[in-house]
Amino acid sequence: MRAICYDRFGDAADVLSIKEFAAQAPEAGNVLVRLSFSGVNPSDAKARAGLRPGVTKPAYPNTIPHSDGAGVIEAVGSGVDPARVGQRVWIYNGQWQRAFGTAAETITLPATQAVPLPESVSEDVGATLGIPGLTAAQTVFGGGDVGGTTVLISGGAGAVGHTAVQLAAWGGARVISTCSPQAREEIRSAGADHVFDYADPDLAAKILEATDGHGIDRAVEVEFGQNLALLGEVMRPLGTIATYGSAKDMTPTMPFGPLLFKALKIDITLIYILPDAPRKAAIARLHDALATGGLTPRIDKIFDFEDCAAAQDAVMTPGRKGAVLLRTG
């Protein structure tokens with residue numbers, strides 16, 4: 001099989017190359033998937049660039065990047081229902097704690113990580129359901145149903161944020177989102193009731209006004225450190241901050257007083273290690289929303305296999321509108 005790989009850290013164009021590998025026959029409990037699309041995420045680009053704290057060299061002699069993808073099961077190992085051969089699936093955790101991810105023509109992995117793709121869902125959409133989709137579903141619904149609540153979603157134009165806006169609206173929440181001024185109408189179309197410029201100096205006052213002074217029940221937060229002070233102002237007592245990122249400030253100073261006297265809960269999501277029960281619940285939410293028209297994941301661009309370096313650069317480019325995919329088959 002052809003695969004994109006790297007053996008050292010560096011810029012995408014310098015270290016990514018196409019190599020031939022033998023496809024791995026599936027062992028017990030595993031499946032071999034012929035991939036059509038690979039999902040490219042910021043975490044993939046950061047790992048390839050060597051930006052993870054304390055990591056000085058790749059963990060494997062050759063790393064095939066990317067954790068998300070979609071395709072068709074081509075073979076199964078013992079213990080897996082043979083009827084799954086020919087089944088369309090989407091992939092999660094393809095390259096989590098293992099060398100070979102989805103930037104390849106095939107992948108062999110545990111059968112549970114190949115999720116049956118609903119009949120009405122295309123394989124390109126399926127490739128967006130891993131990190132972006134599961135993160136959005138868990139941060140929105142990780143505390144249960146959101147019907148009748150007010151949910152604040154920062155970065156509503158991003159792949160996770162845009163999906164989270166749709167899911168929260170589908171779930172019956174009043175949705176407030178922040179984004180750049182250029183994306184405002186797109187986020188409204190996704191289901192947000194109120195959309196504000198994330199850089200507005202009066203942002204806290206406008207959010208509180210939109211909630212009639214009651215505050216936010218649940219915040220889905222992409223920049224925890226940068227927005228922590230704001231959240232201390234706009235959250236209602238006993239509310240939850242569900243955060244999945246803090247790239248602009250990885251060592252934030254916490255305004256403990258405002259959080260303490262509202263008894264706010266901080267719920268950090270790392271989707272790679274989500275336990276089985278909440279993962280199954282998140283998958284069910286995604287499939288239900290897709291089936292009922294409540295979710296249309298947005299794809300910014302699909303790159304050809306040979307353009308993986310450009311795809312990894314694109315996923316790190318500000319202003320991206322949705323997921324970035326690599327065509328693998």
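Any read-out appearing in this document is the output of simple, stated calculations on the displayed coordinates, not a laboratory observation. Computed from a prediction, not measured in an experiment: that's the story for all the values here. For neighbour counting, all protein chains shown are included, and Cβ atoms are generated from backbone atoms with ideal geometry for every residue, glycine included.
In the chain, a dipole from Cβ-located charges (positive for Lys and Arg, negative for Asp and Glu) runs towards its positive end, and of Val175, Thr269, Ala192 it is Thr269 whose Cα lies farthest in that direction. Each peptide in 39-49, 220-230 gets a packing score, the mean of other Cβ atoms within 10 Å over its residues, and the list from highest to lowest is 39-49, 220-230. In the elastic network of the chain, a GNM with C-alpha springs shorter than 10 Å, the most mobile of Ser122, Ser177, Ser154 is Ser122. Counting every other Cβ atom within 10 Å of each residue's Cβ, Arg218, Arg52 order from fewest to most as Arg52, Arg218. Classified by the C-alpha gyration tensor, region 133-272 has a rounded form. Its axis ratio a/c, with a ≥ b ≥ c, is below 1.5. Counting neighbouring Cβ atoms within 10 Å and putting the fewest first, the residues Phe21, Phe37, Phe303 line up as Phe21, Phe303, Phe37.
Between Tyr198, Tyr60, Tyr272, the GNM of the chain built on Cα springs shorter than 10 angstrom shows Tyr60 fluctuating the most. For Ile268, the residues whose modelled amide H falls within less than 5 Å of its own, excluding neighbours fewer than 5 places apart on the same chain, are Thr243. Across the chain, the relative contact order, built from alpha-carbon pairs under 8 Å that are at least six residues apart, equals 19 percent. Counting Cα-Cα pairs of region 219-276 in 10 Å increments starting at 0 gives whole-percent bin shares of 24, 54, 20, 2. Please work out whether region 1-129 counts as rounded, prolate or oblate from its C-alpha gyration tensor, where a ≥ b ≥ c are the square roots of the eigenvalues and a/c under 1.5 means rounded, while otherwise a/b larger than b/c means prolate and anything else oblate? Verdict is prolate for region 1-129.
Taking every DSSP helix (H) stretch of at least 4 residues in the chain, weighting each as -39,500 (n - 2.57) and dividing the sum by the residue count yields a mean residue ellipticity at 222 nm of -7500 deg cm²/dmol. Eigenvalues of the alpha-carbon gyration tensor of the chain, scaled by 5 and square-rooted, set the equivalent ellipsoid semi-axes at 35, 22, 17 angstrom, largest first.
Of the residues Thr317, Thr128, Thr240, the one that moves most in a GNM of the chain with alpha-carbon contacts below 10 Å is Thr317. Across region 271-329, the mean sequence separation of Cα contacts (distance under 8 Å, 6 or more residues apart), normalised by length, yields a relative contact order of 32 percent. Each part reduced to its alpha carbon centroid, region 28-72 and region 225-270 end up 30 Å apart.
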